Amino acid sequence: MTRFWITLEQGVRLVIRGIEQMHGGEIFVPKIPSMNLMEMAGVIAPGCDVEAIGIRPGEKLHEVLISEDEARQAIETEDMYVIQPAHPWWRKENWNHARALPEGFRYQQ
């Protein structure tokens, strides 16, 4: 399994930046690293015994932070993605400094 990782400080900075830059209704998704859980266990406790218990109901092997459907409304900045609202009142010009995502984009690790 892989999981994305964000520190408390990174989370707080993302929230503050979102408050400062939001126009209303956006979803902010940071560009953050992911890691294989078995590799992480090996780094934290080298040589330890690991018992694989398998996937539990509702768990995913790999997280998806932006699906292909969401990516159609998303844009990219240097350090985050912004999923824009799909409402008639939304103006795409609110984020004219960001880049559109390519067709079929998916943010998954």
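For beta carbons closer than 8 Å, sequence separation of 6+ or different chains, a first residue in the range 84-102 that is within 20 Å of residue 66 (Cα to Cα) and touching a residue at least 40 places away in the same chain (Cβ under 8 Å) and a second that is part of a helix (DSSP H, G or I) and of a type outside the set (Phe, Trp, Tyr), the qualifying pairs are 84/92; 84/94.
Residue 51: farther than 19 Å from residue 28 by Cβ, among the acidic types (Asp, Glu) and either free of Cβ contacts under 8 Å to residues at least 24 places away in the same chain or in contact with a strand residue (DSSP E or B) (Cβ under 7 Å, 6 or more places away or on another chain) (or both), yes or no? Yes: the conditions hold for residue 51.
When the range 63-96 is limited to residues that are within 17 Å of residue 24 (Cα to Cα) and among the aliphatic types (A, V, I, L, M), the one that is farthest from the chain's Cα centre (by Cα) turns out to be 86.
Taking the conditions exactly as written (within 21 Å of residue 10 (Cβ to Cβ) and among the aliphatic types (A, V, I, L, M)), does residue 98 satisfy them or not? Criteria met by residue 98.
Based on this model, can you work out whether residue 43 counts as over 19 Å from the mean Cα position of the chain (by Cα) and not hydroxyl-bearing (Ser, Thr, Tyr)? Considered against the rule, which asks whether it is over 19 Å from the mean Cα position of the chain (by Cα) and not hydroxyl-bearing (Ser, Thr, Tyr), residue 43 comes out as yes. Residues of the range 18-48 that are closer than 23 Å to residue 86 by Cβ and in contact (Cβ under 8 Å) with a residue 12 or more places away in the chain: 23, 24, 25, 26, 27, 28, 29, 30, 31. The condition of being of a type in the set (Val, Ile, Thr) and loosely packed, with under 10 Cβ neighbours inside 10 Å holds for only one of 44, 75, that being 44. All of 66, 16, 83 fail the test of being modelled with pLDDT of 95 or more, surrounded by 10 or more Cβ atoms within 10 Å (Cβ to Cβ) and closer than 16 Å to residue 2 by Cβ, apart from 66. Of all residues in the range 46-67, those that are within 29 Å of residue 15 (Cβ to Cβ), out of contact with any Phe, Trp or Tyr (no Cβ under 7 Å at 6 or more places or on another chain) and of a type outside the set (A, V, I, L, M, F, W, C) total 5. Residues in the range 90-109 that are at pLDDT 90 or above, of a type in the set (Phe, Trp, Tyr) and part of a loop (DSSP other than H, G, I, E, B): 105 alone.
The values are calculated or read from the model by the stated rules, or taken from the named source; none is laboratory data. Being a predicted model, the structure only gives us computed values, none of them experimental. In this analysis, Cβ positions are derived from the backbone assuming ideal geometry, glycine residues included, and neighbour counts consider all displayed protein chains.
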